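One structure is given here, and the rest of the page talks about it.
The values are calculated or read from the model by the stated rules, or taken from the named source; none is laboratory data. Please read these numbers as outputs of a predicted model, since none were measured by experiment. Neighbour counts are summed over all protein chains in view; Cβ atoms, including those assigned to glycine, are modelled from backbone coordinates with ideal geometry. For accessibility, only protein heavy atoms count, side chains too; no ligands or nucleic acids. Shrake-Rupley method; radii C 1.70, N 1.55, O 1.52, S 1.80 Å.
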Amino acid sequence: MTLDVEKIRRDFPILSKLVYGKPLVYLDNAATSQKPRQVIQALVDYYEGYNANVHRGVHALSMESTERYEEARRKVAGFIGAPSPENLIFVRNTTEGINLAASSWGAANIGPGDEILVTEMEHHSNLVPWQRLAKAKGARMRFIPVTEEGTLDLSDLDTLLNHRTKLVAMTHMSNVLGAINPVKDIGAKAHAVGARILIDAAQSVPHMPVNVQDLDCDFLAFSSHKMLGPTGIGGLYVRSETLEKMEPFLTGGEMVLEVTYDYATWNDLPMRFEAGTPNIAGSIGLGAAVDYLESLGMEQVHRRERELTAYALDTLKELSEEFNFYGPTDLNARGAIVSFNSPDIHPHDLGTMLDQGGIAIRAGHHCAMPLIRDRLGVAATARASFYIYNTKDEVDLLKAALKDALRYFSKTLAPK
Ligand code: PMP
């Protein structure tokens, strides 16, 4: 069964918007995805029908909102294959999930001389929290290098991983290169030396089947807004034996069982990690996004995006003299992200020009400054990133707009 893209597109009201009088071509999905009506409606239903605080009310609305909030947790936990909803902490986004792991687990388990292994392709979210922790604790950051092709160079992994390694924190899929990393294999090796593994799944959970038990990871973080859900909500999965020993991240209401003037005892899991009123509407909206993705099937989503990526790489190949394209050539090792750069046009100028044609791409360092600057050796790249509602026609429009830009910025280049 293939996905009916036209039917899918009709679920996304924003896709019929005109930008400067032109149909919107939205190719900035790695930054955030658009939302289907089903998700928007879930938010409206909550606010119109049963808005109330969770876990503390004895009245009907509060019981309903609590039930729907916990139902959302069950759905999202099931979506990533968590053994129990208790393993899923609702957080604001991937960034907060990783910071929670660094503060609660890292601060108690990383010490002087310990090593934290990350990759050279990390988003700042999965780099800065570990840098800060390493500095505070006298620990050392080590890096799995990136090859010219934009994959991980694992040739020194056995040296990089050693008895001092306490954590391997790595992205499942790079938001710049599109590379999908062999996190399961690296995780198995990390466990063999006694290290924990944290997976930044911001770009993988929205686009492919992800199962935390199959990956056998200790932590996995992701954001709702990149997977058709609302902003301000995301998930952090933590393996039970680790979660049970972790101290709370934030303290206050909701996360306590008993409080006196002198002390407090912590609530059950996962509420222990959800201090204060949570993003109730957001969680329910994320649950609706999970329903939507599950109705399509994540295998189908992944297959469809691979097809589109193959088409995009093939179509854009024609421009390979004018643009450098980054990321693996093996379609099994990459997701639906294409980053590129022209020596003649600054990515911001390119982005602005494409925008005039209604085409939304990203330009910049994509919150991966060390990768872009030190590894790729450029100041910025342009990035087109696809999702289930994008079409081959949109890829053609991208190519045509890039050709127009080349003509505009370099009058000497003959049109192809
Ligand atoms: N990691 C990766 C790989 C990402 O692509 C992003 C978002 N660009 C993040 C982390 C951070 O996500 P958020 O801003 O939702 O916390």
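Computed with a 1.4 Å probe over protein heavy atoms only, the accessible area of Ile40 comes to about 70 Å². In summary, the helical segments of the chain meeting the span-like criteria, namely a full DSSP H run, a Cα extent along the axis of 18 angstrom or more and a mean Kyte-Doolittle hydropathy of at least 0.5, are 280-296.
A helix-only calculation puts the chain at -10000 deg cm²/dmol for mean residue ellipticity at 222 nm, using -39500 (n - 2.57) for each DSSP H run of at least four residues, averaged over all residues.
GNM remark for the chain: springs join alpha carbons under 10 Å apart, and the peak mean-square fluctuation among Ala368, Ala77, Ala264 falls on Ala264.
Quick check: at a probe of 1.4 Å, how many percent of the accessible area of region 129-204 sits on carbon and sulfur atoms?
Carbon with sulfur: 50 percent of the solvent-accessible area.
Once each of the GluC sites (Glu not before Pro) sitting in a DSSP loop with at most 11 other beta-carbon atoms within 10 Å is removed, the chain keeps 1-147 as its longest stretch.
The dipole here belongs to the chain: it is taken about the Cα centre, uses +1 on the Cβ of Lys and Arg and -1 on the Cβ of Asp and Glu, and is about 720 debye.
For region 1-137, what is the relative contact order in percent, using Cα pairs closer than 8 Å and at least 6 residues apart in sequence?
12 percent
Considering only Gly364, Ile388, Leu350, the residue lying farthest towards the positive end of the dipole of region 291-396 is Gly364, judged by Cα position with unit charges set on Cβ.
Under the convention that each Lys and Arg Cβ holds +1 and each Asp and Glu Cβ holds -1, the size of the dipole of region 215-303 around its Cα centre is about 400 debye. Return the single residue from Gly287, Gly364, Gly178 with maximal mean-square fluctuation; model: Gaussian network over the chain, springs between Cα atoms under 10 Å. Among Gly287, Gly364, Gly178, the largest mean-square fluctuation in the Gaussian network model of the chain belongs to Gly364.
The loop-placed trypsin sites (Lys or Arg not before Pro) in region 17-116, going by DSSP, that have at most 15 neighbouring Cβ atoms within 10 Å of their Cβ come out as Lys17, Arg56. Computed with a 1.4 Å probe over protein heavy atoms only, the accessible surface of region 74-154 comes to 38 Å² per residue.
When the accessible area of region 220-372 is split by element with a 1.4 Å probe, what percent falls to carbon and sulfur? The computed percentage sits at 49. Accessible surface ranking for Lys7, Lys184, Lys403, 1.4 angstrom probe, highest first: Lys7, Lys184, Lys403.
Just in region 246-318: which chymotrypsin sites (Phe, Trp or Tyr not before Pro) are loop by DSSP and have at most 13 other Cβ atoms within 10 Å?
Tyr261, Tyr263
Solvent-accessible surface of region 288-416, taken per residue with a 1.4 Å probe and all protein chains present: 43 Å². Of the residues Trp266, Ser410, Phe249, the one whose Cα sits farthest toward the positive end of the charge dipole of the chain, with +1 on the Cβ of Lys and Arg and -1 on the Cβ of Asp and Glu, is Ser410.
Accessible area per residue (1.4 Å probe, heavy atoms of protein chains only) ranks Ile14, Ile361, Ile337 as Ile14, Ile361, Ile337, with the largest value leading. Straight-line reach from Lys35: taking Cα to Cα under 23 Å and skipping same-chain neighbours fewer than 8 places apart, the lysines in range are Lys7, Lys17, Lys22, Lys75, Lys226, Lys392. Of the whole protein surface, Cys367 contributes about 50 Å² of accessible area at a 1.4 Å probe radius. Only protein heavy atoms count here; under a 1.4 Å probe, Ser103 has an accessible surface of about 60 Å². Over region 31-99, with every protein chain in place, what whole percent of the accessible area is carbon and sulfur at 1.4 Å, could you tell me? That fraction is 52 percent.
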